[in-house]
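Contents: one structure, followed by commentary.
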Amino acid sequence: MAVDTSGAYLQVDNLVKYFGDDKAVDGISFGIPKGAFLTLLGPSGCGKTTTLMSIAGLHTIDGGRIRVGETIFTSPKEGLFLPPEKRDIGMVFQSYAIWPHMTVAQNVAYPLEIRNWDQSDIDDRVAEVLELVGLTDWADSLATNLSGGQQQRASLARAIVSKPSLLLFDEPLSNLDLKLREQMRVELKRIQNEVGITSIYVTHDQSEALVMSDEIIVMSKGKIEQRGGPVEIYSKPVNEYVSNFIGIANLMKGKVVEVSEPGIGKFEVTQDGQTVQLPCRLTAGIAAGEDAVLSVRPENVHAVPEGGGGVLTGECIHAIFLGSYVDCRVKWGDFEWKVISHPRNHPRTGEKVHLRFDAEHTLAVQP
Ligand SMILES: Nc1ncnc2c1ncn2[C@@H]1O[C@H](COP(=O)(O)OP(=O)(O)OP(=O)(O)O)[C@@H](O)[C@H]1O
Ligand SMILES: [Mg+2]
């Protein structure tokens with residue numbers, strides 16, 4: 001049987017999954033190295049959970065192949081389907097899914113009991129994992145007496161106790177309040193790092209994805225829009241969709257008028273009778289003369305005095321002081337630029353404002 005030669009530890013090739021006539025996952029492919037933390041990020045209904053369930057074997061799939069290590073998990077074409085219980089996967093879901101009538105230690109021990117570990121090995125391993133997730137003092141409490149954050153730690157402990165080859169997380173933090181969610185992001189990442197288990201993490205929360213991931217796959221409608229590290233996804237989105245989904249961006253329709261060297265050119269926009277050409281970076285595949293979308297993060301638009309290199313002039317319609325920065329809006333024709341300014345030197349409401357852009361952080365992306 002031909003095995004893909006990607007060298008990745010987990011390899012998903014051309015995964016297709018239908019529900020009735022609806023394609024929930026539309027031919028996605030990705031591979032990840034052993035120990036990596038990859039996040040599937042996208043809006044509700046884009047196929048994240050379906051992808052995860054397909055890897056876990058909780059869904060059969062309609063096309064493609066999933067391999068982990070040397071083992072083919074699923075390949076309909078080859079007639080292969082490894083049952084979920086043979087896949088050696090730990091899972092953590094949004095709902096805590098721990099058993100209320102058992103203590104924390106009993107919950108965590110369960111996966112080892114069904115694998116027929118010796119009792120003394122179970123005791124040692126459970127103690128080790130409870131220590132890792134910070135629940136040592138709660139070992140003998142009933143699981144229902146834990147807070148939401150603690151219950152999620154217990155779920156994680158249960159998922160990693162048998163040292164599975166793969167960890168799958170489906171929005172594990174979304175039931176927690178914001179403060180706890182922010183703490184748990186860091187905690188969860190620390191624990192994953194420590195145990196070194198290859199992980200796929202599903203979320204629709206972009207800041208969670210940026211904080212936690214080695215790499216992010218941005219999905220839309222069952223397809224992959226972009227894959228990259230958090231910095232790359234944020235600073236070099238390939239299209240309007242990704243740019244809009246991650247962080248805040250000024251997005252404006254226009255045209256690429258010049259390509260001076262590969263990936264570098266000029267973008268032309270017109271508003272209110274002013275036409276400006278902005279030196280910019282170009283997403284691969286955009287040629288001169290093509291329609292594109294300008295994408296500039298608010299922190300990369302600079303309000304400057306007359307003669308300070310500004311290329312267009314608008315009016316500041318609000319400037320909100322937020323401590324470490326000032327959030328400004330600059331109206332230019334029908335367009336409102338979002339501009340982040342320094343509190344010591346920012347435009348005031350009603351002022352004429354000149355805007356300067358750096359070519360490096362001004363992108364022309366696919367519409
Ligand atoms: N068991 C099912 N039966 C029928 N349709 C389903 C089923 N599970 C998912 N779908 C459909 O497949 C598509 C993808 O769903 P999926 O649950 O994978 O999305 P998701 O990205 O996880 O979204 P969310 O962020 O809301 O959890 C959706 O259109 C959904 O309605
Ligand atoms: Mg989901």
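Counting charges near residue 118 (Lys, Arg +1; Asp, Glu -1) among other residues having Cβ under 14 Å from its Cβ returns a value of -2.
When the P(r) is computed for the range 274-321, the part past 17 Å accounts for 51% of the Cα-Cα pairs. Peptides 129-142, 154-167 ranked from most to least packed, by the mean per-residue count of other Cβ atoms within 10 Å: 154-167, 129-142. Membrane-span-like helices in the chain, defined purely by DSSP H runs whose alpha carbon atoms cover 20 Å or more axially and whose average Kyte-Doolittle hydropathy reaches -0.5, are 119-133.
Basic side chains Lys and Arg get +1 at the Cβ, acidic Asp and Glu get -1 at the Cβ, and with that the dipole of the chain about its Cα centre reaches some 440 debye. Antiparallel beta bridges, as assigned by DSSP with both residues in the range 10-235, represent about 60 percent of the total such bridges. Expressed to the nearest 5 percent, the antiparallel share of DSSP beta bridges inside the range 138-244 is 55 percent.
Considering only alpha-carbon pairs that sit under 8 angstrom and 6 or more positions apart, the relative contact order computed for the range 267-367 is 40 percent. Entry note: the chain has Rg to Rh equal to 1.07, where both radii use alpha-carbon atoms and Rh is the Kirkwood radius. Summing +1 for each Lys or Arg and -1 for each Asp or Glu among the other residues whose beta-carbon sits under 14 angstrom from that of residue 303 gives 0. Distance between Cα centroids, the range 129-179 to the range 269-320: provide it in whole Å. Here the two parts' Cα centres lie 47 Å apart.
A straight Cα-to-Cα reach below 18 Å connects residue 163 with the lysines 34, 86, 189, residues fewer than 8 places away in its own chain not being considered. Each Cα pair under 8 Å and six or more residues apart adds its sequence gap; the mean of these over the residue count of the chain is a relative contact order of 14 percent. Counting only DSSP H runs of at least 4 residues, each contributing -39500 (n - 2.57), and dividing by the residue count of the chain, the helix-based mean residue ellipticity at 222 nm comes to -7000 deg cm²/dmol. May I ask for the distance between the Cα centers of the range 182-216 and the range 51-95, given as a whole number of Å? The range 182-216 and the range 51-95 have Cα centres separated by 22 Å.
The shape of the range 247-367 comes out prolate: with a ≥ b ≥ c from the C-alpha gyration tensor, a/c is at least 1.5 and a/b beats b/c. Look at 201, 9, 241 and count the other Cβ atoms within 10 Å of each Cβ; fewest to most, that gives 9, 241, 201.
Computed packing ranks the peptides 298-304, 346-352 as 298-304, 346-352, most packed first, by mean other Cβ atoms within 10 Å.
Evaluated with a Cβ-only charge set (Lys, Arg +1; Asp, Glu -1), the range 214-311 carries a dipole of roughly 220 debye about its Cα centre, given to the nearest 20. Straight-distance candidates among the lysines for linking to residue 17, with alpha-carbon spacing under 20 Å and chain neighbours fewer than 8 residues away dropped: 48, 77, 221, 223. Candidate cross-link partners of residue 352 among the lysines, defined by an alpha-carbon separation under 29 Å and a same-chain spacing of 8 or more, comprise 253, 255, 266, 331, 338.
Rule-based calculations on the coordinates, nothing more; no lab input. This is a predicted model, so every value here is computed, not measured. Quick reminder, even Gly has a Cβ in these numbers, built from the backbone with ideal geometry, and neighbours come from all protein chains shown.
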